[in-house]
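Report on one structure; see the data block that follows.
Only the coordinates and a few stated rules stand behind these numbers; no lab work does. Keep in mind that what you see is a predicted model, and the values were worked out from it rather than measured. FYI the Cβ positions are ideal-geometry reconstructions off the backbone, even for glycines, and counts take in every protein chain you see.
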Amino acid sequence: MSSNDRDATYAAIRAAMLASYAGTLASTHMSPLEALECIAAAVGSIYREVADSHLDPEGCTCGWRPNEVMDIVALEQAIAANAAREDEMVYFDLRSITPVGHG
Ligand SMILES: [Zn+2]
């Protein structure tokens, strides 16, 4: 995939999600963060569905194999890297964060 393809795909997905976010805010009483958490939850759920279809022997044959721990860290880092302010970019060490329910 060329970086032009990647930029165009990113712009299209971002526009679709922004429209979904705006629609959610307009049609619910959710706070901005609650609406964004819904979008993030949907991304996680889509990952699960895609990973399952690649673990299923009868599923997708493209050859990609999910690596659950590393894949989920990559998704979390993609959110963090784009959410942090550029002038004080903070790289979160996700290993230092205690998962909820395991404290
Ligand atoms: Zn596949």
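The length gained on full extension between residue 75 and residue 24, counted as 0.36 nm times the residue separation minus their Cα-Cα distance, comes to 16.1 nm. Could you please report the charge total around residue 60, scoring K, R as +1 and D, E as -1 over all other residues with beta-carbon less than 13 angstrom from its beta-carbon? With Lys, Arg at +1 and Asp, Glu at -1, the neighbours total -3. Between residue 6 and residue 48, the C-beta separation translates, for a Förster distance of 25 Å, into a calculated FRET efficiency of about 0.60. At full extension, residue 82 and residue 65 could sit 3.6 nm farther apart than now, given 0.36 nm per residue minus the alpha carbon distance.
Computed about its Cα centre, the charge dipole of the range 27-88 is approximately 80 debye, with only Lys, Arg, Asp and Glu carrying charge at their Cβ. The share of Cα pairs per 5 Å bin across the range 3-88, counted from zero up to the longest distance, runs 3, 11, 15, 20, 21, 16, 9, 4, 1, 0 percent.
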